[in-house]
Amino acid sequence: MLNFGTKIRKSLNRTRNSVFGQITDLFGGGRIDDKLWDDLEALLIQADVGVDTTTALLETVRQQVEQEGMTDPGQVRDVLKDEMTRLLAGYTPSQVDKDRLLTVMLVVGVNGSGKTTNIAKLADLYRRQGKKVVLAAADTFRAAAIDQLKIWGERANCPVIAHQPNADPGAVVFDAIKSAQARKADMVIIDTAGRLHTKYNLMKELEKLRSIAQKQVHAAPHETLLVLDATTGQNALAQARHFKDSVDITGVLLAKLDGTAKGGVVFSIGKELGVPVRFVGTGEGLEDLIPFDAQAFVDGLFEA
C-alpha cells in the first residue's frame, strides 16, 4: 500500500507535469533577474495559486533573496518551497479527540463536488484507524444522495441512518446521533444538502442541524468540513467563500486533486480564507483520501 507522501506526489502528477514543471525549469540556471520573477509570477497564477496569494508569496521570497544576496536561481526555489510550506503549516490533519465519547462531523458542499463519496472515504479512513463510525443521510432533498450514501456505507462497512426522501433532515441527524450512542460509536458523519433554493434557506437549514447536534452532544458539531472540487480551481474558492459566509467551516476536504493541473488552489484556500485543508482526495478508490501534509504537498509539486 502506498504511504501518504507517495499518494500526494502521485495525485499531483498533472499539476507537476504542467505548470509546476515549468516553474522547476525556471530554476535550472541563468540569473536571478526581473524576467525570472515575472515568469514565476505568471506561472504561479496559471497554477491557480491566485493573484493575491502569489503577490504576497513572491514579495516575501524576493525580500529574503535580496537580503541574503542570493545569486543562484536554485536558491530561489528553496526559499519558495520553504515559504510555501510555512504558508500551509497550519494545515494539520483533523483529529478525533480520544477522550470525547462521540465526535460529530458535519460535511457541506455543493452538489457535484464529490461530497457524498468523500464522506464514505472519511468513514473508511477513520474505521481503518479503529473508530466506529455512523453515517447520517441528511441530504433528504435528493433521493439519489440517500441511495448513494447507503451504497458507499456498505463498501466502507459503516451503518447509514436514513429516512425517506424529503423527510426532515433534522430528524435524520437526531436519529443518527441516538443510534451512534446506542452502538457506542466514536463518530457520526453527517451528509447535508448541497444546495437549497436560496443562501438564506441553506444557512437556516445548516443552523438547524447544528442546533440539533449540539443539544444531543456537547459542543457538536466538532468539525464542519467543506468539500471542494479541486478541478474547478478558483471557482472552488468562490464556493468556499459562499459557504464560509453561511457556516462556521473548520476545514476543507479538497476532492479530485489527482484530476487537476491546478493544484495551486490549496495555497489560496489557506491564505484568502484562513481555513485549513484537512484532507485531499487522491483517486477514485475508497482508500484514496488522506490527511493533508504540507511538506509532502510542496515536495510533490517540485519533485517527481
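Since every read-out is calculated from the coordinates, none of them should be taken as a lab result. All values reported here derive from a predicted model rather than from experimental measurement. Please note: Cβ atoms are built from the backbone with ideal geometry, for glycine as well, and neighbour counts cover all protein chains shown.
Once the Cβ-Cβ distance between S211 and M70 is put in as r, and R0 is 41 Å, what FRET efficiency do you end up with, to the nearest 0.05?
Working: r = 55 Å, r/R0 = 1.33.
With a Förster radius of 41 Å, E is 0.15.
Just the number: Rg to Rh for the chain, Cα atoms, Kirkwood Rh, two decimals. Intermediate results must be reported in sequence, preceding the final value.
Working: Rg = 20.7 Å, Rh = 20.1 Å.
Using only Cα positions, Rg/Rh for the chain is 1.03.
Counting other beta carbons within 10 Å of each Cβ, put H242, H163 in order, fewest first.
H242, H163
What nm value, rounded to one decimal, do you get for the distance between D245 and E287 when each label is placed 7 Å out toward the C-beta?
So the label points at D245 and E287 sit 4.2 nm apart.
Show log10 I(q)/I(0) for the stretch 197-304 at q = 0.17, 0.21 Å⁻¹, two decimals, from a solvent-free Debye sum over equal Cα scatterers.
For the stretch 197-304, the Cα-only Debye profile gives -0.86, -1.14.
Given a Förster distance of 45 angstrom, what is the FRET efficiency for D147 paired with T55, based on the Cβ-Cβ distance and rounded to 0.05?
0.45
Would you list E83, E303 from fewest to most Cβ contacts within 10 Å? Don't skip to the answer; put the middle values down first.
On the way: E83 18, E303 12.
With the fewest neighbours first, E83, E303 line up as E303, E83.
Multiply the residue gap between Q22 and K204 by 0.36 nm, knock off their C-alpha separation, and tell me the result in nm, one decimal place. It would help to have the intermediate numbers written out before the result.
On the way: separation 182, 0.36 × 182 = 65.52 nm, distance 4.59 nm.
Contour length minus Cα-Cα distance gives 60.9 nm.
Expected output is a single nm value to one decimal: the length gained when fully extending between K35 and Q129, i.e. 0.36 nm times separation in residues minus the C-alpha distance. What is it? Walk me through the numbers before you get to the answer.
Values: separation 94, 0.36 × 94 = 33.84 nm, distance 4.90 nm.
My answer for the length gained is 28.9 nm.
In vacuo Debye scattering of the stretch 105-163, one point per C-alpha: log10 I(q)/I(0) at q = 0.16 Å⁻¹?
-0.43
Nearest 500 deg cm²/dmol is fine: what mean residue ellipticity at 222 nm does the chain get from its DSSP H runs of n ≥ 4 alone, each adding -39,500 (n - 2.57), divided by its residue count? Don't skip to the answer; put the middle values down first.
Working: 13 runs with 157 residues, N = 304.
Roughly -16000 deg cm²/dmol at 222 nm, from the helical runs in the chain.
Taking the mean number of other Cβ atoms within 10 Å as a proxy for protection, how do you rank 251-257, 210-216 from highest to lowest?
Working: 251-257: 25.7, 210-216: 16.7.
Final packing ranking: 251-257, 210-216.
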